[in-house]
Structure formats: structure tokens, C-alpha cells
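See below for the structure under consideration.
Computed from the coordinates by the stated procedures, all read-outs in this text should not be read as laboratory data. Worth saying up front: this structure is predicted, and the values here are computed from it rather than measured. Please note: Cβ atoms are built from the backbone with ideal geometry, for glycine as well, and neighbour counts cover all protein chains shown.
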Amino acid sequence: MYDWNALWHEHAGFRAGLDLAHADLNALEASLSASLFKPARDDKDVAVYETGDRFILLGHQDGLQMLEVAKHALFDLTLRVVVDDEGQGMAPPYLEALIDNLATGESGEWRGSLTLNPDGIALVNGQVLSPELLPDMLFPELAFTQTPHFRDQLAERWREELSAELPMVEAALGGGAAAEADAGLSPARMQQIYDRYAEMVRREQATLSRIFSDAELKLVAAALHGVGFESAASCRGLWLVVEAQLIDAEPDREFGVDALALLDKMKGLSYAQEIALIEGLAG
């Protein structure tokens, strides 16, 4: 469902010491008034407990520590540039934003028309399109959009996702690669696009190195070997490729990897992280 160990490390500053005598991380339901959601596999793993509105992570780090994570904060944002008419009542090209929260079971969607202003600057619903500028995105079907810090969390995810989608936005507004060539993008502009893409990949690969073990990365590399990723859309859903290899060849035995844990991590990846995996591992 989630990479709990990654959450544990990413939110280290929010952990608190816990004064409980029981040494077994998996036997604290009564003490926490919560149900055990995911047991710790070993001393280095975290145990996850669940209440109605939050998850409680427990781990040993200079003593017993606890991290509480509100369920409404565990949402994913996926951006997609749509260039064909998909019957949504909006003329392409447009930007589609999908929010999924596996913890609360909620999902929502938003769409914004993509255009160029007279100066050639990309706009979404008339606003400047930039990773640093969050547009007026409304998700009335979601119950948690009015919670504290939602807009900050959404802005962070928007920044990550849009950085990966900018080349597709450029292509959509220029009519595709051929039209871009006809339009005569300057070498400086092409270099700017490349530099942004390379920086996005570098940052995401640094994050992935903390999420996946070396053995897991070797397994994913083996699964992706020889797979063609000809279009931007084909890069989404890498876990399906890995799952097929796990079923057919059982590489988890060869690499000593927990297959279910690996698939859980793969399913939680953003599009930008999947791109970074492909750039780093696919050959």
C-alpha cells in the first residue's frame, strides 16, 4: 500500500519517543488503542497500527519511537497531458490531475485547458503554467481538501509531477515533435528543457535510492531489460511489468527480495519516479 519505511525516514523530524515497556513492536494494540495494520518483519522494519483517521508507525531508533500520519495526508497526485478527445467535455490539449488516497478510499479529478499566450508562455485555464505556481484546482468530491496543510502538500506534489510533464506540455502545445522542429526551437530552449528534465531525474533517483534496496533495484533492472518505452504514456504503471516478471520467472528468489513488499513500493511511485527508474535501469 505504502512504503512505510520510506515514510518513517522522510518524517524523522516528526517522530516522538515512546515510553512503553513492551519490546515487541507487533504486540501493542491495547497500549495504542489501535489495530495492527502491518507487522514489523524484523528489528529494522517498522510496525504500522491503524485508527479511524491515522496510521501509527513504530520503530526502534535510539529507543522506541512513534510516528503518527494522518490518512488524509497520504494522497497521490498524477498529472497527464491529454491530446486526444476523450469525451470529457474539454477540447484538447488539456492537463488532467488525478488525486487518489488509498487510505481514505477517495479519488478526485480536475482538468485545465492548455493554451499559449501571445508571448508563447504556456497557460492552464488562463494562468501561467509553472511548477512553482499551483493553479486554482478544486476537488469537491474529496473530504480532506479543507484540512490544514492540504494546499502545501498539493503544491509539493504539483511541483514534482509537472516538472516531469513539461516536455509533454511543450509537445502538445507545439503540435508534437515534428511541429516543434518546424517551429524552430532554439538550441538554448532545447538545452533548457533538457536541463530541467535531467535535474528532475537526478532528484528522483536520489529519492529512489532511499526507497529501494540494492537487491530490489537489481531485480527491477532485470525486469525492465529489453522493454521498450516508446511513448510517455507507456512509462506509467511499471509495477505491472515487474509483476509479470515475478509471476513468470520468480526473480525474487534469485535476488532475495520480498515480492509483495517490492510491488507495494512500485505501486506507490509517482510518474516522475517511474521515469527516473526507467532512465536509470532500463536498457
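Using the Cα centre of the stretch 207-281 as the reference point, and only Cβ charges (+1 on K/R, -1 on D/E), how large is the resulting charge dipole? Debye, rounded to the nearest 20.
Charge dipole of the stretch 207-281: 220 debye, to the nearest 20.
What is the order of 56, 211, fewest Cβ neighbours within 10 Å to most?
Going from sparsest to densest Cβ surroundings: 211, 56.
Determine, for each peptide in 249-261, 154-166, the mean count of other beta carbons within 10 angstrom over its residues, then list the peptides with the highest first.
In decreasing order of mean packing, 249-261, 154-166 become 154-166, 249-261.
Sequence neighbours fewer than 8 away in the same chain don't count; with that in mind, list the lysines whose C-alpha is under 22 Å from residue 38.
71, 265, 267
Given the options 56, 9, 70, identify the residue whose Cα lies farthest towards the positive end of the charge dipole of the stretch 4-71 (+1 on Cβ of Lys, Arg; -1 on Cβ of Asp, Glu).
70
Give me Rg/Rg_expected for the stretch 4-71, where Rg uses Cα atoms only and Rg_expected = 2.2 N^0.38 Å with N residues.
With N residues counted in the stretch 4-71, Rg over 2.2 N^0.38 Å equals 0.97.
Could you tell me the extents of the chain's C-alpha atoms along the three principal axes, largest first, rounded to whole Å?
In descending order, the Cα extents are 69, 46, 35 Å.
What FRET efficiency would be calculated for the residue pair residue 150, residue 231, taking the C-beta separation as r and a Förster radius of 25 Å, to the nearest 0.05?
0.15
For the stretch 161-283, how big is the tail of P(r) above 20 Å, as a whole percent of Cα pairs?
48
Report, in debye and to the nearest 20, how large the dipole of the chain comes out about its Cα centre when Lys and Arg carry +1 and Asp and Glu carry -1 on their Cβ.
360
Over the Cα atoms of the stretch 76-185, each weighted equally, I'd like the Debye log10 I(q)/I(0) at q = 0.13, 0.14, 0.21 Å⁻¹, rounded to two decimals.
Taken in order of the listed q values, log10 I(q)/I(0) reads -0.51, -0.59, -1.19.
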